[in-house]
Amino acid sequence: MMEIRETAQARPQNELRGSELKDHPQDNVQVPPMVVVADDDGEHRLLLSRLLRKAGFRVSLAQDGASLMKLLAANQPDLVLLDLMLPDDDGLVLCRRIRDTSDIPIIMLTALGQGTYKVAGLEMGADDYVAKPFDPDELLARIRAVLRRIRGQSGTTVSVQARRGYRFDGWTIDASKRQLKSPDQVLITLTSAEFDLLVAFVEHPQTILTREHLVELSRGRGSDGFDRSVDILVSRLRRKIEPNAKEPRIIKTIRSGGYLFAPDVGPLGPI
């Protein structure tokens, strides 16, 4: 059985940050985020459930792919912790199936920490990955980071422009709603990682950005990232915004340099 490495105590429930709570639409109160844990190991599910509940999250558990899909159909969770190896379905296939219909954040859990599996998870649409055995504090930090990104709540000051949005080549980004619309006003589904990377590009147009700089801009200083993760996200973005992803003209590759966002970028204006 895969163990969770013991470290410092998780933050008690009453210390869950206000920025991590969300409004309840019916009674106008804030409720903790819901995390779905999909793992076939019963003891491991229990350990994760205790860790997350102690940190202030609501938790639902799934032992296989079928129960996970039923949970997602019946609820609106805020994040999925998805084990790569489930008894009835491959975690990568499940990740793609979820991503085809939803932009819910997904963090892959895997004992197969090699780069090839990380790359495969990102290519299927995962937002992050954590290798087993993992540090509980690291896992909680990654969950909180993804939730902050999806809600646009980084620890830094957000400019008025960033709260509004941007225009480029007929495309519009509504930063407050975290939405991207095509020139013909079709809403384009982006994962949280894809959206954050796109915002990093439009906030630094016509500037060569290294992969390391893009990781810092889109995920925060000190984030764990590797070159291929940025390349994969860029490839996913290109398939969604480029007329021809094989001959990109919006996000250009700079040999030995990184990437450059080529279009002129303007403000979206008041929302």
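Take the residues in the range 167-210 that are of a type in the set (S, T, N, Q) and assigned to a loop (DSSP other than H, G, I, E, B); name whichever of them is nearest to GLY125 (Cα to Cα). If you could, list the steps in order and put the result at the bottom.
Quick first cut of the range 167-210, residues of a type in the set (S, T, N, Q) only: 172, 176, 179, 182, 185, 189, 191-192, 206-207, 210.
This time we only want the ones that are assigned to a loop (DSSP other than H, G, I, E, B), so: 176, 182, 185, 189, 191, 206-207, 210.
On the way: SER176: 22, SER182: 20, GLN185: 23, THR189: 11, THR191: 7, GLN206: 27, THR207: 27, THR210: 22 Å.
Top of the filtered list is THR191.
Criterion applied to ASP83, ASP90 was being without any contact (Cβ under 8 Å) to a residue 60 or more places away in the chain and over 18 Å from the mean Cα position of the chain (by Cα), and the one residue passing it is ASP90.
Every test in (1) surrounded by fewer than 19 Cβ atoms within 10 Å (Cβ to Cβ); (2) at pLDDT 90 or above; (3) under 14 Å from the mean Cα position of the chain (by Cα) is passed by LEU237 save one, and that test is (1).
The values are calculated or read from the model by the stated rules, or taken from the named source; none is laboratory data. Small disclaimer: the values here were computed from a predicted structure and weren't measured. Cβ sites come from the backbone with ideal geometry, for glycine too, and all protein chains shown count toward neighbours.
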